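Asker: One structure, pasted below without further comment.
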Amino acid sequence: MTETMFGASISAYQAEGGALLDGKTYSIADISTQNKGFLDSDVTSDFYHHYKEDIRLLKEMGAQCFRFSISWPRILPEGEGEVNPKGVAFYHQVIDECVKNGIEPLVTLYHFDLPYALYEKYGGWINRHVVDAYREYVTVCFREYGDKVRYWQSINEPDIINTYGGHGIDLDGKDVFEHDKYQINHHQALAHAWAVKLCHEMCPGARIGPVFGYVPIYPKTCKPEDFLAVEYFNSLHNRFFQELFLNGRYLEDVLIKIRNEGAALSYTEEELAFIRENPSDFVALNYYMSQCVSWYPEDAEKIERVDNKYGKKGSTVLPGIPGYYAEVDNELLEKTSWDWAIDPIGIRIMLKQITESYHLPVMVVENGMGYFDELTEDKKVHDDYRIAYMKDHIEQCMKAVEKDGVELIAYNAWTFIDLLSTSQGFRKRYGLVYVDQNDDAKGDCSRYPKDSYYWYRDFIKNQKTAVR
Ligand code: BG6
């Protein structure tokens with residue numbers, strides 16, 4: 001049985017900064033952080049200049065792996081064509097630093113940050129040409145780093161992109177995105193299959209898989225209608241993506257919905273066969289919360305989701321989709337300030353479901369708790385709430401390994417250092433290490449390990465001793 005590695009995660013546009021440094025250009029994700037009333041991605045946690053210090057802190061914590069992403073526009077500023085040597089060199093340094101310190105790099109090839117140049121030239125992922133550009137980009141990554149990286153992730157959260165938009169993927173507006181989102185997803189599935197094919201050809205021995213943002217879903221009551229709502233939610237938000245990326249097939253119920261809505265989706269049987277011919281080696285998963293639904297009748301009025309942007313508990317408006325489901329509050333679970341349900345058993349349900357459905361090893365590449373952390377005068381953060389969250393979630397992961405036969409390659413806390421949240425600014429902190437930065441961009445980016453860092457360090461140490 002594989003011994004689970006314990007580590008932590010970041011992503012490029014949320015942590016690196018240096019958004020226009022050394023030849024890098026903006027990504028759509030960078031653009032989407034601008035003029036939002038929060039911090040933008042220009043400096044953020046400045047991992048670009050602090051990576052050595054951060055990897056040293058990782059090492060001192062005993063991390064066995066580090067999950068980070070490569071920024072496509074740092075490697076190919078135009079998205080295709082000319083390679084940026086300084087960008088290539090940066091990730092060599094990061095990877096070498098990890099390897100030197102005995103930390104396994106778990107590298108994501110795409111984490112929301114399509115080069116803006118490709119959006120300007122082709123309209124972004126809606127254009128089939130972007131699949132070719134992605135192929136070109138990952139070829140550079142495999143050629144450069146293929147002899148040092150053993151675990152790759154192709155695309156982060158196609159399912160979350162499809163459900164929530166954002167990250168610049170909907171720069172043309174919500175309506176256009178709603179029309180195009182299944183076609184965008186289809187192109188991302190093709191891009192994923194290309195990454196798998198090229199990885200297997202160019203990096204013998206390396207393993208690759210997609211990353212899903214999985215949401216276990218519960219019925220509000222044991223009424224059959226509520227269970228039907230669960231089935232639909234699962235089809236629309238979980239299985240549709242997993243079946244396409246992992247099995248090269250489309251779910252009928254979602255295809256009917258797409259057709260009824262007149263949304264765009266064209267594909268060929270050859271393309272689906274291409275996905276099937278290039279199977280993933282593992283499934284990477286991000287887990288934050290479970291959700292709860294009840295039946296929502298055909299004649300009810302559609303309710304649009306309104307996000308809780310400022311961490312004011314109870315301010316989320318949950319969506320209702322007539323004839324499918326309405327998301328409802330699960331009053332049995334505690335919530336974070338951003339209304340995310342805290343549910344450790346959910347992570348085990350996710351691991352069990354994925355293992356049973358796809359018979360592949362899994363990797364948790366994100367799991368963590370966003371909080372308004374306070375730095376004390378003596379530069380400490382007493383985040384006992386995060387320690388409780390991690391402890392309970394890791395415990396359930398271990399039960400999934402012991403009792404449910406889950407082959408868990410790695411567990412990674414989201415995040416290692418504080419970084420920019422995807423849509424809720426810098427005050428929503430996830431890090432094990434506090435970064436002196438804020439939404440007013442006035443921080444100096446000094447690092448201060450939080451109590452959770454020390455707790456995780458001791459946990460990893462005990463884990464290693466127990467295994468030996
Ligand atoms: C995942 C993303 O969806 O959730 C991360 O992969 C993101 O990039 C994380 O940061 C937490 O979401 P948020 O909105 O709180 O930053």
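The values are calculated or read from the model by the stated rules, or taken from the named source; none is laboratory data. These figures come from a predicted structure and were not determined experimentally. Note that we place each Cβ from the backbone using ideal geometry, even for glycine, and neighbour counts take in every protein chain shown. Ligands, DNA and RNA are stripped out before the accessible areas are found, and what is left, the full protein with its side chains, is counted by its heavy atoms. Shrake-Rupley method; radii C 1.70, N 1.55, O 1.52, S 1.80 Å.
Asker: May I ask you to say which residue of 439, 444, 392 is charged (D, E, K, R), surrounded by fewer than 22 Cβ atoms within 10 Å (Cβ to Cβ) and in a helix (DSSP H, G or I)? It would help to see each step written out before you state the result.
Answerer: On the way: 439 fails: in a helix (DSSP H, G or I); 444 fails: in a helix (DSSP H, G or I).
Among 439, 444, 392, only 392 is charged (D, E, K, R), surrounded by fewer than 22 Cβ atoms within 10 Å (Cβ to Cβ) and in a helix (DSSP H, G or I).
Asker: Further, regarding this structure: Give 422, 465 a once-over and let me know the one that is more than 15 Å from the ligand (Cβ to nearest atom) and out of contact with any Leu (no Cβ under 9 Å at 6 or more places or on another chain). Explain how you work it out, then say what you get.
Answerer: Working: 422 fails: more than 15 Å from the ligand (Cβ to nearest atom).
From the options 422, 465, the qualifying one is 465.
Asker: Can you give me the number of residues within the range 425-436 that are more than 15 Å from the ligand (Cβ to nearest atom) and either open to solvent by less than 10 Å² (accessible area, probe 1.4 Å) or under 17 Å from residue 164 (Cβ atoms) (or both)?
Answerer: The initial filter retains those residues of the range 425-436 that are more than 15 Å from the ligand (Cβ to nearest atom), namely 433-434, 436.
Next, only the ones that are either open to solvent by less than 10 Å² (accessible area, probe 1.4 Å) or under 17 Å from residue 164 (Cβ atoms) (or both) stay: 433.
So the answer is 1.
Asker: Within the set of pairs 6+ apart or on separate chains, which have a first residue in the range 369-388 that is within 22 Å of residue 312 (Cβ to Cβ), a second that is hydrophobic (A, V, I, L, M, F, W, C) and outside any loop (DSSP other than H, G, I, E, B), and C-beta atoms under 8 Å apart?
Answerer: 369/390
Asker: Now a separate question. Looking for something in contact with an Asp or Glu (Cβ under 6 Å, 6 or more places away or on another chain) and within 16 Å of the ligand (Cβ to nearest atom) - is there at least one such residue anywhere in the range 240-252?
Answerer: Yes: one or more hits.
Asker: Tell me which residues, restricted to the range 331-346, are away from the ligand (no atom under 15 Å from the Cβ) and either surrounded by fewer than 19 Cβ atoms within 10 Å (Cβ to Cβ) or more than 18 Å from residue 238 (Cβ to Cβ) (or both).
Answerer: Hits for the range 331-346 are 331, 332, 333, 334, 344, 345.
Asker: In the range 267-307, which residue that is in a strand (DSSP E or B) and without any contact (Cβ under 8 Å) to a residue 24 or more places away in the chain is farthest from the ligand (Cβ to nearest atom)?
Answerer: Looking only at the range 267-307, we keep the residues that are in a strand (DSSP E or B), and these are 283-287, 291-294, 303, 306.
Still in the running and without any contact (Cβ under 8 Å) to a residue 24 or more places away in the chain: 303, 306.
Working: 303: 21, 306: 15 Å.
Across the range 267-307, the extreme among qualifying residues is 303.
Asker: Here is a follow-up. Looking at residue 97 and the list (1) in a helix (DSSP H, G or I); (2) of a type in the set (D, E, K, R); (3) under 19 Å from residue 177 (Cβ atoms), which single condition is not satisfied?
Answerer: (3)
Asker: Residues in the range 151-197 that are of a type outside the set (A, V, I, L, M), in contact (Cβ under 8 Å) with a residue 12 or more places away in the chain and not in a helix (DSSP H, G or I): how many?
Answerer: Result for the range 151-197: 11.
Asker: So, one more: Restricted to the range 347-387, and to residues that are more than 20 Å from residue 8 (Cα to Cα) and part of a helix (DSSP H, G or I), which residue is nearest to the ligand (Cβ to nearest atom)?
Answerer: Filtering the range 347-387 for residues that are more than 20 Å from residue 8 (Cα to Cα) and part of a helix (DSSP H, G or I), the one nearest to the ligand (Cβ to nearest atom) comes out as 354.
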